Amino acid sequence: MRVLLVNKFNYLKGGADKYFIELAELLNQGRVETAKFCMAYEKNLPDKDSGYFLKKIDFNDFKFSFIFKYLSRILFSFEAAKKFELLLNDFKPDIVHIHNIYHQISPSILMVAKKHKLPIVMHLHDFKLLCPNYKMYTQDQVCERCKGGKFFNCTKYRCLKNSYVKSLLATIEMYFHHKILRIYEKNIIQFIAPSEFVKNKAIEWGIPAEKISLLPYFIKLDEFTPDFTVGNYWLYFGRLEKEKGIYTLLEAINMVNDGKLKIVGIGSESENIKKYIIENNLSSKVELLGAKYGQDLKLLIAQARAVIVPSEWYEVSGIVNLEALALGKLVIASNIGGIKEIITDNQTGLLFTPGSVSELAEKMKIAAENDLMELAKAGRESVVIKYNDKFHLNKILELYKRYAKN
């Protein structure tokens with residue numbers, strides 16, 4: 001079987017990109033031939049198909065004079081369609097598996113695949129098909145104002161990076177793709193949800209239930225050896241963004257006298273977090289370590305007392321939770337989105353109300369004062385049973401075979 005995997009990034013930028021890269025590796029181990037279509041980027045991993053990748057565009061370095069360039073790339077990229085067709089002709093896939101293509105690639109490639117009579121499945125790594133800013137979170141709170149196709153709310157509330165222009169572009173994109181072209185509706189044969197929460201939310205917002213398959217993320221168990229020893233510091237690792245609840249965690253650590261907090265990651269809030277730590281006299285209690293990957297990150301997780309996941313948006317699933325559990329660590333997480341399908345309170349970890357500083361601090365005190373090794377062991381066992389890579393490979397291949405061209 002030949003599978004063409006599509007994602008805008010081919011490096012470890014976030015959870016969706018990590019899944020994309022590791023899925024390709026898993027499929028290759030299962031004797032499935034794969035090809036990738038991505039955006040050219042200096043951080044990308046080396047890839048045999050990089051000659052087909054489309055030119056880099058950086059929306060973070062936003063220039064108003066480039067507004068029509070941005071709009072053409074977001075709405076319908078002819079460059080992406082052309083290069084994608086070249087790859088289709090050379091690779092001749094049996095199925096196309098779409099991940100995150102919004103903005104940098106655009107859904108123009110869906111029409112090319114359909115022209116070649118290729119089945120397309122698409123992973124719902126976030127809420128972009130439903131929400132213009134993809135998070136269902138704006139102005140420091142969960143938001144569902146756009147439900148029912150009311151995408152104008154994105155512009156009204158400046159939901160995309162608090163920018164009127166960027167929010168307007170995202171609003172135009174949603175109306176063009178979902179109301180005029182209906183490009184995803186017409187071309188995607190099956191969506192893949194990584195959690196029941198995402199599946200139910202997609203159904204609630206109008207995607208037919210029969211078009212959504214549930215398949216949780218996976219962990220390569222051979223690469224995660226559990227260490228149930230209890231360390232002396234708390235650990236947060238992930239993107240440094242407001243919706244990740246990082247400020248709730250910083251407030252909570254001020255109420256906990258036992259243990260230092262180590263923060264791993266980068267993001268748009270990096271500089272603000274540094275200022276917050278200084279202004280609130282937390283320098284002796286909080287250590288910022290920047291981005292860490294591979295064995296360096298695993299060692300930090302393994303030596304921690306517990307991993308804190310204080311998300312305040314509808315977390316799709318949370319690969320962070322799976323990695324921490326797989327390494328034998330206690331997880332203290334907010335009870336939101338897909339997280340509560342991975343963590344069962346007082347059974348495989350500890351849950352607290354999103355945004356509740358006092359409740360998070362209380363859970364941290366419980367972890368500091370009690371032996372919760374049995375929770376950590378139960379958490380590891382749940383990953384072994386429900387989130388192992390062999391199970392995932394079998395399930396994804398079943399889905400591919402159901403729809404594949406040959």
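Quick note: the coordinates plus some simple rules give every number you see, no bench work behind them. As the structure is a prediction and not an experimental result, all values here were calculated from the model. Backbone-built Cβ (ideal geometry, glycine too); neighbour counts: all protein chains shown.
Residues whose amide H comes within less than 5 Å of that of ILE212, counting only those at least five positions distant or on another chain, are PHE191 (H built at 1.01 Å from N in the peptide plane). Whole-Hz Karplus values for region 209-216 come out as 4, 5, 9, 10, 9, 9, 8, x Hz, taken residue by residue from phi with 6.51 cos²θ - 1.76 cosθ + 1.60 and θ = phi - 60°; glycine and proline positions read x.
The angle between the Cα long axis of helix 164-174 and the longest principal axis of the Cα atoms of the chain comes to about 60 degrees, rounded to the nearest 10.
Placing unit charges on each Cβ (+1 for Lys and Arg, -1 for Asp and Glu) gives region 336-406 a dipole about its Cα centre, and among TYR400, VAL383, PRO354 the Cα reaching farthest toward its positive end belongs to TYR400. Among PHE37, PHE237, ILE67, whose Cα sits farthest toward the positive end of the charge dipole of the chain (+1 at Cβ of Lys/Arg, -1 at Cβ of Asp/Glu, about the Cα centre)? Among PHE37, PHE237, ILE67, the one farthest towards the positive end of the dipole of the chain is ILE67. Rounded to the nearest Hz, the phi-derived 3J(HN,Hα) couplings of region 31-44 under the Karplus curve 6.51 cos²θ - 1.76 cosθ + 1.60 (θ = phi - 60°) are 6, 9, 7, 10, 9, 10, 10, 9, 8, 5, 7, 5, 8, 4, where x marks glycine and proline. If you count the DSSP beta bridges with both ends in the chain, what percent of them are antiparallel, to the nearest 5? Beta bridges within the chain, antiparallel portion: roughly 5 percent. Placing +1 on each Lys and Arg Cβ and -1 on each Asp and Glu Cβ, with no other charges, gives region 221-386 a dipole about its Cα centre of roughly 240 debye. Applying the criteria of a DSSP loop state and at most 15 other Cβ atoms within 10 Å to the trypsin sites (Lys or Arg not before Pro) of region 175-218 yields ARG182. Rounded to the nearest Å, what's the spacing between the alpha carbon centres of region 194-231 and region 49-118? Just the number, please. Taking the Cα centre of region 49-118 as reference, the centre of region 194-231 is 27 Å away. Inter-part distance, region 246-303 to region 352-378, computed on C-alpha centroids, equals 17 Å.
With θ taken as phi - 60° and the Karplus curve 6.51 cos²θ - 1.76 cosθ + 1.60 applied, the whole-hertz 3J(HN,Hα) list for region 334-345 is 6, 8, 8, x, x, 4, 5, 7, 9, 9, 9, 4 Hz, x standing for glycine and proline. Sorting THR229, THR155, THR138 from the fewest to the most surrounding beta carbons within 10 angstrom yields THR229, THR155, THR138. Just how large is the dipole of region 132-199 about the Cα centre, in debye to the nearest 20, putting +1 at every Lys and Arg Cβ and -1 at every Asp and Glu Cβ? With Lys and Arg at +1 and Asp and Glu at -1, about 200 debye.
The calculated FRET efficiency for the pair GLU223 and SER50, based on their C-beta separation and a Förster distance of 22 Å, comes to about 0.30.
I'd like the orientation of helix 389-403 relative to the chain: the angle between its Cα long axis and the longest Cα principal axis, in ° from 0 to 90, rounded to 10. It is inclined by approximately 20 degrees.
For region 58-96, trypsin sites (Lys or Arg not before Pro) are listed when DSSP marks them as loop and at most 15 other Cβ atoms sit within 10 Å of their Cβ; the list is LYS63. What's log10 of I(q)/I(0) for region 221-386 at q = 0.13 Å⁻¹, Debye sum over Cα points only, no solvent? Normalising to I(0) and taking log10 leaves -0.54. Of the listed values [x] 4, 10, 9, 8, 6, 6, 5, 5, 4, 4, 4, 4, 4, 4, 4, 4, 4, 4, 2, 1, 0, 0; [y] 5, 22, 32, 26, 13, 3, 0; [z] 4, 17, 23, 21, 16, 8, 4, 2, 2, 1, 0, 0, 0, grab the one calculated as P(r) over Cα pairs in 10 Å bins from 0, in percent from the structure here. Computed from these coordinates, P(r) over Cα pairs in 10 Å bins from 0, in percent corresponds to label [y]. Taking Cα centre as origin and charging only the Cβ of basic (Lys, Arg, +1) and acidic (Asp, Glu, -1) residues, the dipole magnitude of the chain rounds to 1700 debye. Amide H contacts of LEU351: ALA333, ASN346, each under 5 Å away and 5 or more positions distant or on a separate chain (H built 1.01 Å from N in the peptide plane; Pro and chain starts excluded). Compute the acute angle (0 to 90°) between the alpha-carbon long axis of helix 15-29 and the principal axis of greatest extent of the alpha-carbon atoms of the chain; round to the nearest 10°. Orientation of helix 15-29: about 70 degrees from the principal axis.
Here SER284, SER167 are placed in order of increasing Cβ neighbour count within 10 Å, fewest first, which gives SER284, SER167. Amide H to amide H distances under 5 Å link ASP227 with GLY328, where only residues 5 or more positions off or on other chains count and H is placed in the peptide plane.
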